[in-house]
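Undergrad: Could you have a look at this structure, given as structure tokens, before my questions?
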Amino acid sequence: MSELVAFREDRLGFRITLKERTVLGRSPDCDLILFDRSASRNHAEISKIDDNFFIVDLNSTNGTLVNDQPITIQTKLNSFDCVKIGQEIFIFDPYLDVVTGIAPAALILNAVNESHQNLVSEPAIEASAAITQEQAAAAAAFSSALCRTPADEIDKTIVNFLTERLGATSISILWPGVTGRQMISYLSYPEDKRLLLSHVPFKRVTEIGQSLIWPRVVTELDFNAGNRHVGQLEQNCLLTPVYGAEPGQIGLLYMENNATPFEVDDLRLASLAAQIFSPFLVNALVKRELDKEKILIDTAGAD
């Protein structure tokens, strides 16, 4: 299956599966409708020939770029090729999953070279039960603080605990959606921090339920001239499951500490903390949805 994935910020993660013939343009009759005014009504066409895909410009006004080069003839598309039409940017078959939601999108990267050296792994349930007496007291205080926190300030309380107790300098929470295979990007700290994560640790947490101290962090992702560049840093990060309300719903808590490497005790406390705050996230999300409905009702009443 070959896909085009939108890589422009306001459409990040939108994808279309390519058919035998896929037409891109502003016309409502196009298979992929573009909203950029610089695009022509029928701008470009991608066709499947044997097992390959080829793109051709349909005599558009402003042209079609592949890897920043204008195309004048039918051009073969290869993995990681960048197709640009006006300000619309699409990556061809990029081995990329995008989790969108309240926080900045999380990018889950497939086919990344991984090193398991120095990996620390424990089943999350066992890890959360192995905390020290001092950590148990801290967890109890955390739970008590959450009970006193209004729903719209839950995020702040969680971030405060994880930064103060575990030294986290970067935090992301991916929350399980309606089914176990769907997620939303719920929280990012700092607020503009985007999670870049390779698929292997993501899968071990969300499908197997392991808590991990992973030996490397992904620092950057870009596509240039048909190549994908993934920047990685030899610094560990901590990941642990976050369980939803329904069986099989598993999200993810991800943390980095730029000053001090995470240790096993950190893994165990984080595993318990994720279990403690998960029901409070449910309540916070419910409140947000109710607030949205109230705004819609109030707006309709004002008309």
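Undergrad: Note down all Cβ pairs under 6 Å where the first residue falls in the range 150-169 and is over 17 Å from residue 285 (Cβ atoms), the second is open to solvent by 70 Å² or more (accessible area, probe 1.4 Å) and among the hydroxyl-bearing types (Ser, Thr, Tyr), and they're at least six residues apart or on different chains.
TA: These pairs meet every condition: 167/260.
Undergrad: A further question on this structure: Name the residues in the range 245-297 that are among the acidic types (Asp, Glu) and at pLDDT below 95, would you?
TA: 246, 289, 291, 293 - these are the residues of the range 245-297 that are among the acidic types (Asp, Glu) and at pLDDT below 95.
Undergrad: Quick one: count up the residues across the range 32-55 that are modelled with pLDDT of 95 or more, farther than 19 Å from residue 67 by Cα and either crowded, with 21+ Cβ neighbours inside 10 Å or among the acidic types (Asp, Glu) (or both).
TA: Residues meeting the conditions: 1.
Undergrad: So, in the range 241-262, exactly how many residues are exposed (fewer than 11 other Cβ atoms within 10 Å of the Cβ) and not in a loop (DSSP other than H, G, I, E, B)?
TA: So the count comes out to 0.
Undergrad: What strands (runs of 3 or more DSSP E) lie completely within the range 126-234 and have 2 or more residues being open to solvent by 10 Å² or more (accessible area, probe 1.4 Å) and of a type in the set (Val, Ile, Thr)?
TA: 217-224
Undergrad: May I ask you to list the residues in the range 1-22 that are hydrophobic (A, V, I, L, M, F, W, C), crowded, with 19+ Cβ neighbours inside 10 Å and part of a strand (DSSP E or B)?
TA: Of everything in the range 1-22, those that are hydrophobic (A, V, I, L, M, F, W, C), crowded, with 19+ Cβ neighbours inside 10 Å and part of a strand (DSSP E or B) turn out to be 4, 5.
Undergrad: So, in the range 85-125, how many residues would count as being in a strand (DSSP E or B) and open to solvent by 40 Å² or more (accessible area, probe 1.4 Å)?
TA: 6
The values are calculated or read from the model by the stated rules, or taken from the named source; none is laboratory data. Keep in mind that what you see is a predicted model, and the values were worked out from it rather than measured. All Cβ positions, glycine included, derive from the backbone under ideal geometry; neighbour counts span all protein chains shown. For the accessible areas, the whole protein counts, side chains as well, though only heavy atoms, and no ligand, DNA or RNA atoms are used. Shrake-Rupley method; radii C 1.70, N 1.55, O 1.52, S 1.80 Å.
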